[in-house]
Amino acid sequence: MLKRLIIPVMAAIMLLGGCSLSSEKPSDGKLRIVTTIFPAYDFARRIFGDTADITLLLKPGTESHSYDPSARDIVKIDSCDLFIYNGGESDAWVENILKSADRVNALRMMDAVEAIAEDHEGIAGADHDEHNHDENGEYDEHIWTSPKNAVLIVENILNTAVMLAPDNKSLYENAAGEYIDEINTLNEKFTELLSGEERYFIFGDRFPLLYFFREYGLKYRAAFPGCGSETEPSAQIVAFLTEKLSESDTVPTVFCIELSNRKLAETLADENGMSVSEFHTCHNITADDFAAGESYVSLMERNYKMLQSVLTN
């Protein structure tokens with residue numbers, strides 16, 4: 001992917017400075033915030049409210065792990081008041097851009113939490129010994145899936161917001177406080193629902209939910225890791241998950257994530273007489289959900305209702 005970045009990055013560098021893409025401050029006096037992914041966008045819009053124009057670079061409905069910035073995107077980053085990105089392997093392109101545009105005020109969400117290493121223990125076809133983890137020491141980047149981490153990220157953005165516009169301190173603190181209360185309520189509900197749950201959750205899909213599962217002490221088996229690029233499961237993977245679904249210590253549904261083709265999940269469900277349940281990671285959302293104003297909290301509420309249904313029926 002990095003090779004594909006050379007042309008847009010160089011083009012943007014040529015545009016930076018006196019380019020035809022306007023970098024003048026908006027006449028309404030609003031801050032300009034640029035975010036890479038939906039969680040950053042949602043947290044920022046709740047804190048800044050009407051005091052900022054907030055841009056989401058990853059368009060709704062698109063694959064998050066294959067995003068390449070355009071030259072126009074890079075110019076937006078260079079001319080904004082605050083750039084919020086996640087960090088991690090999928091954001092390798094960001095570090096290259098920031099080296100070329102060191103005046104950018106950037107906030108890396110992974111700096112707000114304690115990152116954990118990618119864990120392949122629950123991935124079908126992996127060598128499931130107790131020391132199995134990512135050999136390269138890469139950290140799992142889907143940090144926001146834990147509500148407790150989401151609170152830490154919101155607090156981090158709040159601190160930056162106050163530094164950017166101290167006159168709006170009370171406004172930002174009130175907005176962040178309300179959102180943190182909503183997220184904490186979610187955490188309490190998940191804690192009560194998932195307490196003592198010892199069954200395995202089977203994902204016929206990628207698994208970008210390690211932080212959520214660690215938070216609530218849940219066990220899983222999945223076809224592919226969270227940032228996996230595989231699309232076609234091997235016979236070994238299908239056999240592994242099919243066997244696990246036949247066991248009594250398994251939640252009786254097959255999980256998939258948002259924007260998935262659902263093919264493997266539906267195949268496994270059909271073969272085992274089960275349903276397919278979507279577990280939303282909040283990494284990105286559909287265009288319809290975006291237009292409807294869905295948020296991190298509303299999507300996690302959707303997950304709660306789904307889990308409540310499959311775990312208690």
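Whole-Hz ³J(HN,Hα) for each residue in the stretch 284-296, computed from phi via Karplus 6.51 cos²θ - 1.76 cosθ + 1.60 with θ = phi - 60°, x for glycine and proline: what do you get?
Once θ is set to phi - 60°, the couplings for the stretch 284-296 become 8, 10, 6, 4, 5, 5, 5, 5, 7, x, 4, 10, 4 Hz.
Spin-label point model (7 Å from Cα, Cβ direction): what's the residue 89 to residue 236 distance in nm?
My value for the distance between the label points is 1.8 nm.
222 nm [θ] for the chain, helices only, -39500 (n - 2.57) per DSSP H run of 4+, per residue, to 500?
-13500 deg cm²/dmol
Please find the FRET efficiency linking residue 114 to residue 287, where r is the Cβ-Cβ separation and R0 is fixed at 30 Å, and quote it to the nearest 0.05.
Here the calculated transfer efficiency is 0.35.
Let me check against my output: what whole-number percent is the relative contact order of the chain, with C-alpha pairs under 8 Å and at least 6 apart?
The value is 17 percent.
Select one label from (i) -0.25, -0.34, -0.95; (ii) -0.22, -0.30, -0.98; (iii) -0.19, -0.26, -0.93: the one whose number is log10 I(q)/I(0) by the Debye sum over Cα atoms at q = 0.06, 0.07, 0.13 Å⁻¹ as derived from the coordinates shown.
Here the calculated entry is (ii).
Through the Karplus equation 6.51 cos²θ - 1.76 cosθ + 1.60, θ set to phi - 60°, convert the phi angles of the stretch 249-256 into ³J(HN,Hα) values in whole Hz; use x for Gly and Pro.
With the stated coefficients, the stretch 249-256 comes to 9, 10, 5, x, 7, 10, 8, 9 Hz.
Quick one: 3J(HN,Hα) in Hz for the stretch 182-189, Karplus 6.51/-1.76/1.60 with θ = phi - 60°, rounded, Gly and Pro as x.
Running phi through 6.51 cos²θ - 1.76 cosθ + 1.60 with θ = phi - 60° gives 5, 5, 5, 5, 4, 4, 4, 5 Hz.
Which cross-chain or sequence-distant (5 or more) residues have an amide H under 5 Å from the amide H of residue 279, H modelled 1.01 Å from N in plane?
It is 256, 257, 258, by chain and number.
Taking H placed 1.01 Å from N in the peptide plane, check which residues at least 5 places from residue 207 or on another chain put their amide H under 5 Å from its amide H.
Here 224, 226, 228 satisfy the definition.
How would 77, 285 line up from fewest to most surrounding beta-carbon atoms within 10 angstrom?
Ranked by crowding around the Cβ, least crowded first: 77, 285.
Identify all lysines with a Cα-Cα distance to residue 263 below 24 Å; exclude those on the same chain that are fewer than 8 residues away in sequence.
Of all the lysines, those that pass the test against residue 263 - Cα under 24 Å, at least 8 places apart if same chain - are 59, 219, 244, 305.
Got a sec? Charge dipole of the chain, +1 on Cβ for Lys and Arg, -1 for Asp and Glu; which of 284, 165, 64 is way out at the positive end?
Final value for the positive-end residue is 165.
Using the 10 angstrom Cβ neighbour count as an exposure proxy, how do 253, 35 rank, fewest first?
Ascending Cβ contact count within 10 Å gives the list 253, 35.
About its Cα centre, how strong a charge dipole does the chain have in debye, to the nearest 20, once Lys and Arg get +1 and Asp and Glu get -1 at the Cβ?
Around 1040 debye, computed over the chain.
Under the rule of at least 5 residues apart or a separate chain, name every residue whose amide H is placed under 5 Å from the amide H of residue 146.
Here the answer is 212, since their amide H atoms fall under 5 Å of that of residue 146.
Which of 72, 103, 108 has the fewest other C-beta atoms within 10 Å, and how do the rest follow up to the most?
103, 72, 108
Computed from the coordinates by the stated procedures, all read-outs in this text should not be read as laboratory data. Bear in mind the structure is a predicted one, so any value in this text is a computation, not a measurement. Glycine also receives a Cβ, built like all others from the backbone with ideal geometry; neighbour counts cover every protein chain displayed.
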